[in-house]
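All of the numbers you see were taken from the coordinates with simple rules; none came from a lab. Source: prediction; values computed, not measured. All Cβ positions, even for glycine, are placed from backbone atoms using ideal geometry, and neighbour counts span all protein chains on display.
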């Protein structure tokens, strides 16, 4: 008897469907089970408000998790950077596949590089983290908040409403649109978001058999790296819409984590804290908490707009 198809919950955006399609094929190859996509609309998909106004953390995730918990789907695929850092009751992070390139990229008019943008150029991003770090790199640019999918954001440049937009390499790669990139940011210059470039496969905690099957897609170094990054984010008590960058690299023997908090929404040169820590991959979460504690000692909470 043929096994019943697995139902994979996914957001409806072109990027989410592309990511989920990649995962569906990998799951079928690893388990022999057919996978069908179940499209779900999240609050973050329908709201045009800034992430900071609609709550940020969880707005792209909660509807998928509700579908998991009520049995509408068997597992879900998330962009890991969208996941709240708290572990959800009744759900398990079954696999973190090998992550894509973590860099941010520029899509600009006339094939311009970031350094070649003229003073006063309008650069769009929906990320407070990117906005704050871009202001740190170049105070002469106008950073414009934007929302929408890749087509919408790139369209602002095509229509001349913006001079450039900053997006994630991973998203454009999965959509087959890297040809539109005009410049690449070194991750040491524009530190990525915690979890950027990584995907998360989530299922019900009680479904141990499925979790074991999905674990075939897990990539140990990526999981260790994102555990450190997410521990940093959690200890800073910062959500996915906070101006926090965190990037870890892991080998079998060593994990290095760098974090940054950059002051947002300031007309002056933004203040920034940037620190690193190194240790064993098995200590990923402890390293994230240790780095957060050191950054908080240096005033990170104040840069995030929190009272100290």
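Can you figure out the FRET efficiency of residue 118 with residue 158, using R₀ = 22 Å and their beta-carbon distance, to the nearest 0.05?
Working: r = 18 Å, r/R0 = 0.84.
Efficiency computed from Cβ-Cβ geometry: 0.75.
Considering all projection directions equally, how large on average is the shadow of the alpha-carbon convex hull of segment 233-303, in square nanometres?
On the way: hull surface 18.7 nm².
Here the figure is 4.7 nm², rounded to one decimal.
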| Choice from 21, 220, 179 with maximal GNM fluctuation in the chain (Cα, 10 Å cutoff) | 179
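What number, in percent, do you get for the relative contact order of the chain if the mean sequence gap of Cα pairs under 8 Å and at least 6 apart is divided by its residue count? Walk me through the numbers on the way to the answer.
On the way: 645 pairs, mean separation 61.1, N = 308.
Over the chain, the number comes to 20 percent.
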| Angle, helix 14-31 long axis vs. longest principal axis of the chain, Cα atoms, 0 to 90°, nearest 10? | 40 degrees
| For the chain, what is the percent of antiparallel DSSP beta bridges, rounded to the nearest 5? | 70 percent
| field | For a label point 7 Å along the Cα-to-beta-carbon line of residue 25, residues of segment 88-119 with backbone N under 16 Å | value | 98, 100
| remark: Counting only DSSP beta bridges fully inside segment 104-184, the antiparallel percentage to nearest 5 is 55 percent
| query | Just 252, 216, 242 to compare: in a GNM of the chain, with alpha carbon springs under 10 Å, which one fluctuates most? | reply | 252
| note | Inter-part gap, Cα centre of segment 225-294 to Cα centre of segment 181-197, in whole angstrom, is 14 Å
| message | Tell me the angle of helix 128-137 to the major Cα principal axis of the chain, expressed in degrees between 0 and 90 and rounded to the nearest ten. | response | 40 degrees
| query | Which residue, 18, 231, 95, has the most motion in a Gaussian network model of the chain that connects Cα atoms within less than 10 Å? | reply | 18
| Theoretical ellipticity at 222 nm over the chain - DSSP helices of four or more residues, -39500 (n - 2.57) apiece, nearest 500 | -9000 deg cm²/dmol
| note | The rounded separation in angstrom of the Cα centers of segment 1-41 and segment 68-97 is 14 Å
| query | If you line up the long axis of helix 220-235 against the longest principal axis of the chain, both from Cα atoms, how many degrees apart are they, to the nearest 10? | reply | 60 degrees
